[in-house]
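Structure first, commentary second.
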Amino acid sequence: LPSLWQLVYPHDFRLTEKEKTSICYLSFPDSYSGGLGDTQFSFRLRQSGGPRTSPFQDDGRYNREAPLALQREAAHYFGYVYFRQVKDSSMRRGYFQKSLVLVSRLPYVNLFQSLLQLIAPEYFDKLEPCLEAVCNEIDQWPPPVPGQTLNLPVMGVVIQVRIPSRVDKPGSSPVKQFNQENLLPAPLVLPSVHELDLFRCFQPVLIHIQMLWELMLLGEPMVVMAPSPTVSSEMVLALTSVLAPLRYCCDFRPYFTIHDSEFKEYTTRTQAPPNIVVGVTNPFFIKTLQHWPHILRVGELRMSGDLPKQVKVKKLAKLKTLDTKPGIYTSYKTFLHKDKSLIKRLLKGIQRKRPSEVQSALLRRHLLELTQSFIIPLEHYIASLMPLQRAITPWKNPPQIRPFCQEDFMKTLEHAGPQLTCVLKGDWLGLYRRFFKSPNFDGWFRQRHREMTHKLEALHLEAICEADIVAWMKDKSEVEIVDLVLKLREKLVRARCQHVPVREETLQRVGLYIDTIIGSLPEDLQAVLHH
């Protein structure tokens, strides 16, 4: 295996031996592939060996401003692979096989695969000097700032792409305000930094899109069995994107091999399969993952002028042989009825020869509306748990956010449920009850609770700024005043460390308040507090 690992650039990029081994195995097709030529695919890898400092120090600003699905990962790496296989009689196997892998913590699949298309053919020809030149150019790139359009020069081409922001309206198409700035040659404009061609990815399962959406929403364990790492990784990434703007909070592996360090963990039958979507290509997995509750078997993706053959839902018991036919092997019964109007619109698009990107936009819009119909009642309910603003007074700790009560939420659905925005009928209550047990609910709730706590903190700081501090101090003992100073200081530090959304002038005024209070105290106490 060490002979597979030829070169790391930049040279000072530190990986553990375990990570190097995993990257090597994940960078090549796991099962025999007679196909010659170039292929591209992606993987996701658990970091090993403890936390590491990132070369990009931005105090967390990027993650605060980026959409949740595009945040920089702390405990995983993404790998973007360009694999070449050509006949070569001088090689022992009769083939030349090589992969160039780009490793990043950012899920920018479109940007990085486009970058590899430019670099890899040149690299296979010129090797290290090519990578050195490319890395020098990439070193000059601006950092990714959500909401900004970046011009990224590399190898005589300028890639132009906009980094999405959390404040973008969900479902809006990328802003067409690319600054041409008379760039010559004309830039290579990427419509999205990360979005896949959903219509192409999902074409064999379009009639089951709602079942797949429910399985993703509930964080169910799923295996995608595909003929190649390309199909496997695209299908897994497409599946994890169907909940946008809700974050998919479970684990996912776009491409997974029998050599992976988590292989035993996922194939054991002594415990239930983990909440993960895993993409595989080796037929061996049909046997080892038979006990998983949902297995999606797909063939090669081929775009044709007609609706591709749709896979059938089959019983898991039929998943026995190595020549298992494409299908969704599951006993899952959907909570919601199928939306036939979506399939009709997509069929009409095929008949009218609509471009794939138009069909993808239609599919993405449908999934977005479905997710929003499901999540809006939850958003309304959680907002009602916030204390009233008039209950926030300057000299008392802010009131607590009321606890989330599932039964109280269920009672709100009769008048303010998904039926207000979605025509789909079905057991919405059952779907919510099952959702409450999933990692996706836990992730959504933690995120919202953190945001509300920060909002309360900001409102409390504003209330303190509006208060008459001198009047409050008149009848207070030194002990109470010192206690207030310490509490205000702690609030200031917390607000800055946690990036509480409060105006800078508010924080400065609280700082002045602290100085004013300290100035009114005897000199010995002033010295202690200044110290």
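Please verify whether the stretch 409-424 includes one or more residues that are of a type in the set (G, A, S) and either within 28 Å of A244 (Cα to Cα) or loosely packed, with under 15 Cβ neighbours inside 10 Å (or both).
To start, the set of residues in the stretch 409-424 that are of a type in the set (G, A, S) comprises 416-417.
Then drop every residue that is not either within 28 Å of A244 (Cα to Cα) or loosely packed, with under 15 Cβ neighbours inside 10 Å (or both), which leaves 416-417.
Yes, because at least one residue in the stretch 409-424 is of a type in the set (G, A, S) and either within 28 Å of A244 (Cα to Cα) or loosely packed, with under 15 Cβ neighbours inside 10 Å (or both).
For the list (1) surrounded by fewer than 17 Cβ atoms within 10 Å (Cβ to Cβ); (2) not in a loop (DSSP other than H, G, I, E, B), I need the number of the one condition that W444 fails.
So the condition that W444 fails would be (1).
Test each condition in (1) surrounded by 13 or more Cβ atoms within 10 Å (Cβ to Cβ); (2) at pLDDT below 90; (3) of a type in the set (G, A, S) for S173 and report the one that comes out false.
Looking at each condition in turn, S173 falls short on (1).
In the set F199, F252, which member is more than 18 Å from the chain's Cα centre (by Cα), buried (at least 19 other Cβ atoms within 10 Å of the Cβ) and at pLDDT 90 or above?
Numbers: F252 fails: more than 18 Å from the chain's Cα centre (by Cα).
Checking each option against the conditions leaves just F199.
Please state which of the following conditions P185 fails to meet, knowing it meets all the rest: (1) at pLDDT below 90; (2) in contact with a His (Cβ under 7 Å, 6 or more places away or on another chain).
That leaves (2) as the condition not met.
The values are calculated or read from the model by the stated rules, or taken from the named source; none is laboratory data. Here the structure is a predicted model, which means the values were calculated and not measured. Cβ atoms come from the backbone with ideal geometry, glycine included; neighbour counts cover every protein chain shown.
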